[in-house]
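Notes to accompany the following structure.
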Amino acid sequence: MNKPILFFLVSCLLLITEITANTPESQEKQPNILFFLVDDMGWMDVAYNGSSVYETPNIDKLATESIQFTNAYVTHPRCVPSRYSILTGKYPARIKRPGPGKMKLEEFTIAEALKETGYATFFTGKWHLSMGGPSMPDNQGFDVNIGGGKAGAPISYFYPYNEPPHHQFTIPIVGLEEGEEGEYLSDRLTHETINCIEKHVDAMPDVPFFAMLSHYAVHEPIEAKDEDVNYYQRKIEKHTFEHPEYIKESHGLSKMRQDNATYAGMVKSVDESLQQVMLALEEMNIADNTIIVFFSDNGGLSNTGTEERLLATSNYPLRAGKGHLYEGGVRVPLLIKWPQKQKRGTTSDVVITGADLYPTLLEMVGADLQPQQHLDGVSFKSLFDNESNPVPDRSIFWHNAMARPARTGDYYSSAVRKGPYKLIDFYKKGYMELYNLENDPQEENNLIETHAYIADSLKKEIIDWRVSVDAYFKPDNKKSKWD
């Protein structure tokens, strides 16, 4: 065969290969995303982290199929500021939250970024980000909103949820005004989520979706189904606890036992919800192309101050819980399953924050990053590509400007973690605590005197960071109902 003919045939073959590679059938379909967010679920509220009371077989199963992040943090130990970071990729201190700041419509959320890329977007459950303003799911990037509004919690987990006769001052849970008497809220949100996905897959099977199931559970009020409460009550009665029920902590008490049968039933309902959604994905034949993120918005409710209240759980061996900048308040479970990458049953000690999820998910689906929006989030997508240093060395920060010494026993404070060290600056009380979390995850050994150079360096980082984000400080003469 002469060279011109051979060259012509090779050129044709290359052209055919290029055309075939760019046909819709041959291109890798963008993955769907299911973001499963639990409210107030502590790091020790899952069996895979060591709970001997709570049974979470479906969460545990997901853990065997995911990367388990052992150093995953929220950006604040309370609902609203933490959720702000998840949706925007920013520290809440940038909008003076916690404090008088509100989420503005100008924020370009992860839902808006994915929608711009061509994703269908659904939101079911707790929003709580309106902060008294207009920022609702349906005007922050979600095509569908069921259950998301101003309400931070239901009055009851049993229908009619936030309607009379449960409470005379009601904040409606949007889209759940109709229901069946006695219906359990976590079950209803699960059903609504599956229904949204099924309708979408039937109508537009080639369009990827971002579904955010944001449970109100396991937040107060502590209510569960009778059969689950009875089961756990029997189990807890036979259980031997190694610690006293409470110890003194900060401004009050910290719970040291997971002995609330009703709360255990709420954990069970969340675990069953995950199972039902995952089974639905399999039945629709889309499980292999769906990224699943399992996360909590802050640590478990384990502390009280001077105000008497029912405490839900214990985060031990982590210290303290919701509201506190100790590990029990800010370290939470995080699982990410990406079937296409086959990173199954592995653990990562890379330090991750809730703000990092925004850029990471964008990179995972091949969407453009939004660097002017997710200012504080850093993508760790390369972790799934087996890169040795998926996140550059950095410091991560917290700022608690609306402490609740009466309600949860926490103080006004800021904190930074850099490498193994974590410094907490109790700025209104004028003292600091320094811990090496690699050696002392329980935060028992304060190194402030023996490691003064490290403490001074980290204190400067906190001060510089607070200035850079224009963090809010509540005036000394201004009291809240929680003080």
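The values are calculated or read from the model by the stated rules, or taken from the named source; none is laboratory data. Model, not experiment: these values are computed from the prediction. All Cβ positions, glycine included, derive from the backbone under ideal geometry; neighbour counts span all protein chains shown. In case anyone asks, the SASA skips ligands and DNA or RNA and just uses the protein heavy atoms, side chains included. Shrake-Rupley method; radii C 1.70, N 1.55, O 1.52, S 1.80 Å.
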Span from the segment 391-406 Cα centroid across to the segment 231-292 one, whole angstrom
26 Å
Using square roots of five times the C-alpha gyration tensor eigenvalues, list the equivalent-ellipsoid semi-axes of segment 344-473 in whole Å, biggest first.
29, 19, 14
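Given N residues in segment 168-208, what is Rg(Cα) / (2.2 N^0.38 Å)?
1.53
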Amide N of segment 136-157 lying under 18 Å from the label point, which is placed 7 angstrom from the Cα of E181 along Cα→Cβ
156-157
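Need the full-extension length gain, D226 to D464, defined as separation in residues times 0.36 nm minus the C-alpha distance. One decimal, nm.
The D226-D464 span can extend by a further 80.5 nm.
Hey, which of these cross-link pairs are over 26 Å Cα-Cα: K102/K268; K90/K248; K61/K225; K115/K341? Mind dumping the intermediate values first?
Details: K102/K268 34 Å; K90/K248 34 Å; K61/K225 23 Å; K115/K341 23 Å.
From K102/K268; K90/K248; K61/K225; K115/K341, over 26 Å: K102/K268; K90/K248.
What is segment 153-296 by shape, rounded, prolate or oblate, if you read a ≥ b ≥ c off the alpha carbon gyration tensor as root eigenvalues and call it rounded for a/c under 1.5, prolate for a/b larger than b/c, and oblate otherwise?
Details: a/c = 2.19, a/b = 1.54, b/c = 1.42.
Prolate, because a/c is 1.5 or more and a/b exceeds b/c.
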Amide H contacts of Q68 (H built 1.01 Å from N, under 5 Å, at least 5 apart or other chain):
T346, T347, S348
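Against the globular-protein guess of 2.2 N^0.38 Å, express the Cα radius of gyration of segment 74-148 as a ratio, rounded to two decimals.
Details: Rg = 11.8 Å, N = 75, 2.2 N^0.38 = 11.3 Å.
That ratio works out to 1.04.
Can you list the DSSP H helices in the chain whose Cα atoms extend at least 20 Å along the helix axis and whose mean Kyte-Doolittle hydropathy is 0.5 or higher? Each step should come with its number before you reach the end.
Details: long enough: 3-21 (27 Å, 1.86); 185-203 (27 Å, -0.49); 261-283 (33 Å, 0.19); 452-469 (26 Å, 0.15).
Length and hydropathy pass: 3-21.
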Using every Cα-Cα pair within the chain, state what percent have a distance larger than 30 Å.
46 percent
Projected onto their principal axes, the Cα atoms of segment 34-88 stretch, largest extent first, over whole-Å spans of 31, 22, 19
Which of the lysines could a cross-linker bridge to K422, judged by Cα under 18 Å and excluding same-chain residues fewer than eight apart?
K322, K459, K460
Determine, at each q value in 0.21, 0.23, 0.26 (inverse angstroms), the log₁₀ of I(q)/I(0) that the Debye formula gives when each Cα of segment 168-248 is one equal point scatterer.
-1.12, -1.22, -1.36
Only loop residues by DSSP count here, and only those with at most 15 other Cβ atoms within 10 Å; note down the trypsin sites (Lys or Arg not before Pro) in segment 278-331 that meet that.
R309
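For segment 65-115, run through the GluC sites (Glu not before Pro) and keep only the ones in DSSP coil with at most 13 other Cβ atoms within 10 Å of their Cβ.
Those that pass, being in a loop and sparsely packed, are E106.
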Read phi for every residue in segment 119-130 and hand back ³J(HN,Hα) as whole Hz from Karplus 6.51 cos²θ - 1.76 cosθ + 1.60, θ = phi - 60°, with x for Gly and Pro.
7, 7, 10, 10, 10, 9, x, 7, 9, 6, 9, 5
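Probe of 1.4 angstrom, ligands and nucleic acids ignored: what's the accessible area per residue over the chain, in square angstrom? Please report the intermediate quantities before stating the final value.
Details: 20440 Å² over 483 residues.
Value returned for the chain: 42 Å² of accessible area per residue.
Shape call for segment 218-298 from the C-alpha gyration tensor, a ≥ b ≥ c root eigenvalues: rounded (a/c under 1.5), prolate (a/b greater than b/c) or oblate? Spell out each step's value before the answer.
Values: a/c = 2.92, a/b = 1.85, b/c = 1.58.
The shape class here is prolate.
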Zero-based 5 Å bins, Cα pair distances in segment 224-378, whole percents
2, 8, 12, 15, 16, 15, 13, 10, 6, 3, 0
At 7 Å along Cα-to-Cβ for each site, give me the label-to-label distance between E307 and E116 in nm.
4.0 nm
Over the chain, the sum of -39500 (n - 2.57) across DSSP H runs of at least four, divided by residue number and rounded to 500 deg cm²/dmol, gives at 222 nm -8500 deg cm²/dmol
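Normalised by the number of residues in the chain, what is the relative contact order in percent for Cα pairs under 8 Å and 6+ residues apart? Write out the running numbers ahead of the final one.
Numbers: 1049 pairs, mean separation 106.0, N = 483.
Answer for the chain is 22 percent.
Do you know the relative contact order of segment 352-483, to the nearest whole percent, from alpha carbon pairs under 8 angstrom that are 6+ apart? Walk me through the numbers on the way to the answer.
Values: 167 pairs, mean separation 22.0, N = 132.
Relative contact order comes out at 17 percent.
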Would you kindly state how much longer the chain becomes between T347 and Y453 on full extension, computed as 0.36 nm times their sequence separation minus their alpha carbon distance, in nm to one decimal?
34.9 nm
Placing +1 on each Lys and Arg Cβ and -1 on each Asp and Glu Cβ in segment 396-483, then taking the dipole about the Cα centre, the residue among A455, L434, V467 whose Cα reaches farthest towards the positive end is V467
Order 444-450, 193-199, 86-92 from most to least packed using the mean count of other Cβ atoms within 10 Å.
86-92, 193-199, 444-450
